[in-house]
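First the structure, in the form of structure tokens, and then the observations on it.
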Amino acid sequence: MPMMPVEHALARLLESAEACPITERETLSLAQAQGRVLAQDIVATLDLPPWPNSAMDGYALRLADWSGEPLPVSQRILAGHAPEPLAPGTCARIFTGAPVPAGADCVEMQENVEVLADGRVRFTQALSLEQNIRPQGQETRCGECVLSTGTRLGPVELGLAASLGVARLDVVRRPRVAVVSTGDELVEPGQPLAPGQIYNSNRVLLCSWLQRLECEVIDAGILADDLEQTRAALAGLGHVDLIVSTGGVSVGEADFLGHALREDGELDLWKLAIKPGKPLTFGHYRGVPVLGLPGNPASTLVTFALLARPYLLRRQGVQAVTPLQFQVPAAFAWTRAGTRREYLRARLEQGRALPYRNQSSGVLRSAVWADGLIEVREGTTLAEGDAVTFIPLSEVLG
Ligand code: AMP
Ligand code: MG
């Protein structure tokens, strides 16, 4: 069986996610909505700014009233206060963000005027129409859609909603995701380590990551390599939207997840053209989607970032699931073209991408040292300085 390219696996996962969207909604205040996915369009019910306002501390005047002679000051307009219409032949003291009075069509900054002893103001520079005035509706017009369904709400989106007076939003219910760690060798931190055992690092890695993704996490603990236990654990998770497991997906004797899915569900076992992370299971257990990630921690990290995360976002209706990535010069040479797409844990140093010295899939330190993933496509070689794709970890970790 030929290996499946990463983009095929992603396309199949996204298709499957679209076939079972999370449809329940809830209405939240802005303060509660951080990280959630918008389930409605936000349409502006006012212009922004709602009225023309001053971009400077200075003086507002009608340009036609200015002959070069000083103008008397007829009012003082502070932000938050409604002005009177501008009296003809006068100017108004005005501050940044304050409404420009009706009749004024120009604001001069205070640095460019001379205030005379009698209080009149002399404008010393040339003036032009509409200068230093932020027009009504410059940012947004009433009726425009400013945030659409499927947008993830971060601090900036929430700020924009607030600027339009939106106090509550409809969002998609949090995905309920169960995390299962498999392996007889696993022990939780805090316990003594017997010969042959290792500490379970994937559990906290995935649980904390899923929390960042605003999922409701069901920590299903460690499963022994045992078919009965695997079946029982899967059967007890019928209420979740996704089961993510790690380990036990290599086609070997210890492939209990695969056995259970074959018996009581459906199984797709994919040999992905990806490194780290070749074996990946996707299937359903009694209707619940199950994503079986490889157990090596760096493989778990890469496959979760590139496959599980977009899948979970798409279940919530997010269209933009591709992480930001950009081209940077390689600080290394790649002389042997691979058959799998490699994701090297790497750092940007002086604008060049430098991989960690040990790219073994068991090494999580590589990812702590790194601030991104270099993508090296299958079948390519690289000379130092050639462009490579770099995906910042910050793009995928939340
Ligand atoms: P497996 O796919 O179960 O054969 O696991 C592949 C490798 O990942 C083995 O060396 C496992 O010991 C290791 N591994 C599996 N699960 C975990 C885990 N939760 N934490 C740390 N290492 C793990
Ligand atoms: Mg195992």
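The values are calculated or read from the model by the stated rules, or taken from the named source; none is laboratory data. Fair warning: this is a prediction, and the values are worked out from it, not measured in the lab. Note: ideal-geometry Cβ built from the backbone for every residue, glycine included; neighbour counts use all protein chains shown. SASA here: full protein model, heavy atoms, side chains in, ligands and nucleic acids out. Shrake-Rupley method; radii C 1.70, N 1.55, O 1.52, S 1.80 Å.
Residue check: C20 meets all listed conditions (1) out of contact with any Cys (no Cβ under 9 Å at 6 or more places or on another chain); (2) open to solvent by 70 Å² or more (accessible area, probe 1.4 Å); (3) in contact (Cβ under 8 Å) with a residue 40 or more places away in the chain but one, namely (2).
Say we look at the stretch 209-233 and pick out the residues that are farther than 10 Å from V179 by Cβ and under 30 Å from the mean Cα position of the chain (by Cα); which of these is farthest from ligand 1 (Cβ to nearest atom)?
The extreme case among them is E214.
For Q136, the stated conditions do not hold, so it cannot be described as assigned to a helix (DSSP H, G or I) and either under 21 Å from the mean Cα position of the chain (by Cα) or not hydroxyl-bearing (S, T, Y) (or both). Taken together, R62, R76 contain a single residue that is closer than 30 Å to R122 by Cα and surrounded by fewer than 17 Cβ atoms within 10 Å (Cβ to Cβ), which is R76.
D255 satisfies every condition listed in (1) within 16 Å of ligand 1 (Cβ to nearest atom); (2) open to solvent by 40 Å² or more (accessible area, probe 1.4 Å) except (2). If you go through the stretch 198-246 and keep only what is of a type in the set (D, E) and either within 13 Å of ligand 2 (Cβ to nearest atom) or without any contact (Cβ under 8 Å) to a residue 12 or more places away in the chain (or both), you end up with D225, D226, E228.
Take the residues in the stretch 23-51 that are aliphatic (A, V, I, L, M) and in a loop (DSSP other than H, G, I, E, B); name whichever of them is surrounded by the fewest Cβ atoms within 10 Å (Cβ to Cβ). Here the answer is L46.
Evaluating S67 against the criteria (1) farther than 30 Å from K278 by Cβ; (2) open to solvent by less than 70 Å² (accessible area, probe 1.4 Å); (3) without any contact (Cβ under 8 Å) to a residue 60 or more places away in the chain leaves one unmet condition, (2).
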